[in-house]
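Down below is the structure, laid out as structure tokens.
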Amino acid sequence: MVGEAKVTLCLGPYSKAVYESLLAEVRQPAPRKADVSVELEGGCVKLCIRAGDVNQLRVVLNSYLYLVHAAYSTLKTYPT
């Protein structure tokens, strides 16, 4: 793998729900452009993406950041 990105997101009370959303996506059997792992540690979501080149890394990172944005925005708009 050529490119790697590690992102830590501390989202307060929304971290666990965002983590679970990302975990569901990571577990989907699909053609992979990159290796993706997600962890919940210390109340923060840790996302690690490894890809064969910088373009693939950018595409996958943007997709996961969009998922984070969608989940977080929804949770903030409709708190339980």
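The values are calculated or read from the model by the stated rules, or taken from the named source; none is laboratory data. Here the structure is a predicted model, which is why all the values come from computation and not from measurement. Positions of Cβ are backbone-derived with ideal geometry, glycine not excepted, and every protein chain shown enters the neighbour counts. For accessibility, only protein heavy atoms count, side chains too; no ligands or nucleic acids. Shrake-Rupley method; radii C 1.70, N 1.55, O 1.52, S 1.80 Å.
In the set (1) farther than 13 Å from L65 by Cβ; (2) free of Cβ contacts under 8 Å to residues at least 24 places away in the same chain; (3) of a type outside the set (K, R), V38 fails one condition alone, (1). R50 meets the conditions (1) open to solvent by less than 80 Å² (accessible area, probe 1.4 Å); (2) over 26 Å from T77 (Cα atoms) in every case but one. The failed one is (1). Screening region 5-29 for residues that are within 25 Å of Q56 (Cβ to Cβ) and not in a helix (DSSP H, G or I) and picking the one that is most open to solvent (accessible area, probe 1.4 Å) gives R27. When you look at L11, is it touching a residue at least 40 places away in the same chain (Cβ under 8 Å) and either within 9 Å of the chain's Cα centre (by Cα) or closer than 19 Å to A70 by Cα (or both), yes or no? Answer is yes for this residue.
To keep it simple, each residue is scored yes or no on (1) surrounded by fewer than 15 Cβ atoms within 10 Å (Cβ to Cβ); (2) of a type in the set (K, R); (3) part of a helix (DSSP H, G or I); (4) at pLDDT below 95.
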| residue | (1), (2), (3), (4) |
| --- | --- |
| L40 | no, no, no, no |
| K46 | no, yes, no, no |
| N55 | yes, no, yes, yes |
| N62 | yes, no, yes, no |
| L67 | no, no, yes, no |
| Y72 | no, no, yes, no |
